[in-house]
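**Q** To start, I am sharing the structure in question, which I have written as structure tokens.
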Amino acid sequence: MTGRLIAVVGPSGVGKDSVMSALAARRPSIELVRRVITRDPGLGGEDYEPVTEDRFAELLAADAFCLHWAAHGLLYGIPATVRDRLAEGTDLLVNLSRSVLPEMKRSFPTSAILSLTATPDTLARRLQGRGRETPESIAKRLERSALGIPEGVPVIEISNDGSLAETVEDALDALYPVKV
């Protein structure tokens, strides 16, 4: 039995971390992937492994990542141990950059992509509420929100403008449809 890697993508402020936590809480057989990020520790949001750029480079050279990318002035890595958890039959949720989706589909052909959307007003309000970006960085993140999914990559699109409970229910229905 093989688990499925489920990528959660969308613009900054769309609520990826909240949706992922709620999905894992609703369906305990799904586990969250802890990303490695060159971000200072304790900035809130997701549970991540903070590392320096030098340490990230060491991990990269040691093939410790199955996927990695750069965005917003930071480096992000997905631990290679993901392959072991999938081989054990565990479904894994991972917060990914839209730019790495083609590589993910090549590396993990049975993966699924959950693309979260929200209106620009919702995104701006959430980014301001996080309190970890300057107005300039919020503006840059909102500019990037218009970026789409790379061509040819199939996604499940879910709006996260409503309640978290509605979004989670829609996502679970799409990811685990009832077979009759």
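The values are calculated or read from the model by the stated rules, or taken from the named source; none is laboratory data. Every value quoted in this text rests on a predicted model; they were computed, and no experiment measured them. Because the Cβ atoms are built from the backbone with ideal geometry, glycine has one as well, and the counts that use them run over all protein chains shown. Surface accessibility is based on the protein's heavy atoms, side chains included, excluding ligands, DNA and RNA. Shrake-Rupley method; radii C 1.70, N 1.55, O 1.52, S 1.80 Å.
**Q** Given contacts defined as C-alpha pairs under 8 Å and at least six residues apart, what's the relative contact order of the range 42-90, whole-number percent?
**A** 25
**Q** So, one more: Got a sec? What order do 99, 111 fall in by accessible area at 1.4 Å, biggest, i.e. largest, first?
**A** Final ranking, largest accessible area leading: 99, 111.
**Q** Something else about it: Could you pull out the longest piece of the chain with no exposed loop GluC sites (Glu not before Pro) in it, calling a site exposed if DSSP puts it outside H, G, I, E, B and it has at most 10 other Cβ atoms within 10 Å?
**A** It works out to 1-87.
**Q** Quick one, which of (i) -0.63, -0.82; (ii) -0.56, -0.78; (iii) -0.71, -0.87 is the actual log10 I(q)/I(0) by the Debye sum over Cα atoms at q = 0.12, 0.14 Å⁻¹ calculated for this model?
**A** (ii)
**Q** As an exercise, use a Förster radius of 25 Å and the Cβ-Cβ distance of residue 2 and residue 176 to find the FRET efficiency, rounded to the nearest 0.05.
**A** My answer for the efficiency is 0.95.
**Q** Still on this structure, please answer the following. Which distance in Å, rounded to a whole number, links the C-alpha centroids of the range 160-180 and the range 48-105?
**A** Between the Cα centres of the range 160-180 and the range 48-105 lies a distance of 26 Å.
**Q** In percent, what relative contact order does the range 7-159 have, based on Cα pairs under 8 Å that are 6 or more apart in sequence?
**A** After rounding, I find 33 percent.
**Q** Additional query: Name the long-range amide H neighbours of residue 92: under 5 Å, sequence gap of 5 or more, or other chain; modelled H, no Pro or chain starts.
**A** When sequence neighbours closer than 5 places are left aside, the close amide H contacts are 4, 5, 6, 31.
**Q** Suppose each label sits 7 Å from its Cα in the direction of the beta carbon; what would the residue 166-residue 64 distance come out to in nanometres?
**A** It works out to 4.2 nm between the two label points.
**Q** In whole percent, how big is the carbon plus sulfur part of the accessible area of the chain, probe 1.4 Å, protein atoms only?
**A** After summing per-atom areas, the C and S share lands at 52 percent.
**Q** Report the extension gain between residue 140 and residue 40 in nm, rounded to one decimal, defined as 0.36 nm multiplied by the number of residues separating them, less their alpha carbon distance.
**A** Gain on extension, residue 140 to residue 40, equals 34.0 nm.
**Q** Oh, and also: Leaving out ligands and nucleic acids, and using a 1.4 Å probe, what accessible area per residue does the range 1-59 come to in Å²?
**A** On a per-residue basis, the range 1-59 sits at 49 Å².
**Q** Can you sort 176, 48 by solvent-accessible area, 1.4 Å probe, largest first?
**A** 176, 48
**Q** Moving to a separate point now. Summing -39500 (n - 2.57) over the DSSP H runs of n ≥ 4 in the chain and dividing by its residue number, what mean residue ellipticity at 222 nm do you reach, to the nearest 500 deg cm²/dmol?
**A** The per-residue figure over the chain is -10500 deg cm²/dmol.
**Q** May I pose another question? Can you give the FRET efficiency to the nearest 0.05 for residue 87 and residue 130, using r as the Cβ-Cβ distance and R₀ = 41 Å?
**A** 0.70
**Q** Would you tally the net charge around residue 91, using a Cβ to Cβ cut-off of less than 12 Å, leaving residue 91 out, and scoring K and R as +1, D and E as -1?
**A** Neighbour charge sum, excluding residue 91 itself: +1.
**Q** Given the whole protein assembly as supplied and a 1.4 Å probe, what does the accessible area of residue 35 come to in Å², nearest 10?
**A** For residue 35, solvent-accessible area is about 10 Å².
**Q** Further question on the same structure: Counting only DSSP beta bridges with both residues in the range 26-180, tell me the antiparallel percent, nearest 5.
**A** In the range 26-180, approximately 45 percent of DSSP beta bridges are antiparallel ones.
**Q** At what distance in nm do the modelled label points of residue 156 and residue 106 sit from each other, each positioned 7 Å from its Cα along Cα→Cβ?
**A** Simple spin-label model gives 2.5 nm for this pair.
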